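Beneath this line is the structure, given in structure tokens, with notes to follow.
None of the figures in this text is laboratory data; all of them are computed from the coordinates on show. The structure displayed is predicted, hence computed values, not measured ones. Note: ideal-geometry Cβ built from the backbone for every residue, glycine included; neighbour counts use all protein chains shown.
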Amino acid sequence: MGMEEIRKAALFQFAANGYEGASLSSIAAEVGIRKPSIYAHFQGKEDLFLQVARYAFQEQNLRIFQYFTERKEQSLEHTLHDFLFWMEQEYESNNSAKFMLRFSFFPPVSLYNEVLNIVNPFLDKMERKLTRRLRNARDREPFAHMKPADMALAYMTLVDGIIVELLYSGSTNYHRRLNAAWPIFWRGITLTSSHEGSSSLNCKI
């Protein structure tokens, strides 16, 4: 068994059990090797975790880019709204997404700075991409009066506030927050002094 198999097993163990709950012994057992064999590829648990973290965040960066690319002709209202449901599905079915979300909010104390050095550039990149998407859509969307950078930051704040409920409380409370927050967010960015925009979407629950 090689490095790739160990990394996949570690990704599953860290995503499911957290940093403290995952052991090199459990990772080795899942791959079908002995624990010392891990040291042929990784310096130890910290090194393995950080390499898995870089892989998981890179994979999710590509998947998020693909999500928005596939919906470039769709209205931005639907794209942003549906992204919140897509992220829930990713969390439930994709170990990389579960890892990314779990450790973005709850990094291991012993690796706090190292994890933030992975998380923060990822978030900065997401913010830049979203700002560019919003800027390109201004001519055909009802928020031309808003600054794209401000809208991007507001949306990412909304995502953070809703996602944390998914991590703490599960799907039911996640949808409860989404149902309450989305119409207010969309109305806020489409509201002008002469026209009150309102969301045409009903949350899918």
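Couple of notes before you dig in:
- When the charge dipole of the chain is built from unit charges on Cβ atoms (+1 for Lys and Arg, -1 for Asp and Glu) and taken about the Cα centre, the candidate among SER171, MET87, ILE64 whose Cα reaches farthest toward its positive end is ILE64.
- Listed peptides 165-171, 27-33 by packing density, highest first (mean Cβ within 10 Å): 27-33, 165-171
- Whether region 77-127 is rounded, prolate or oblate, judged on the alpha carbon gyration tensor where a/c under 1.5 counts as rounded: oblate
- Membrane-span-like helices in the chain, defined here as complete DSSP H runs extending at least 27 Å along the helix axis by their C-alpha atoms with mean Kyte-Doolittle hydropathy no lower than 0.0, are 148-169; this is a sequence and geometry rule, not a statement about a membrane.
- Two-site label geometry, ALA29 and MET3: point separation in nm, points 7 Å out along Cα→Cβ: 2.7
- Taken along the Cα-to-beta-carbon direction at a fixed 7 Å, the label points for GLU46 and SER75 span 5.1 nm.
- For region 52-147, GluC sites (Glu not before Pro) are listed when DSSP marks them as loop and at most 10 other Cβ atoms sit within 10 Å of their Cβ; the list is GLU73.
- Simple label model, 7 Å out from Cα along Cβ direction - GLN66 to ALA144, nm: 3.6
- Helical runs (DSSP H, four residues minimum) scored at -39500 (n - 2.57) apiece and divided by the length of the chain put the mean residue ellipticity at 222 nm at -25000 deg cm²/dmol.
- Each principal axis of the Cα cloud of the chain was taken in turn, and the coordinate range along them, longest first, works out to 68, 31, 29 Å.
- Cross-link table LYS8/LYS98; LYS8/LYS45; LYS98/LYS129, entries beyond 19 Å C-alpha to C-alpha: LYS98/LYS129
- Region 57-205 - charge dipole about Cα centre, Lys and Arg +1 at Cβ, Asp and Glu -1, debye rounded to 20: 240
- Taken over region 1-42, the convex hull of the Cα atoms encloses 56 Å³ per residue.
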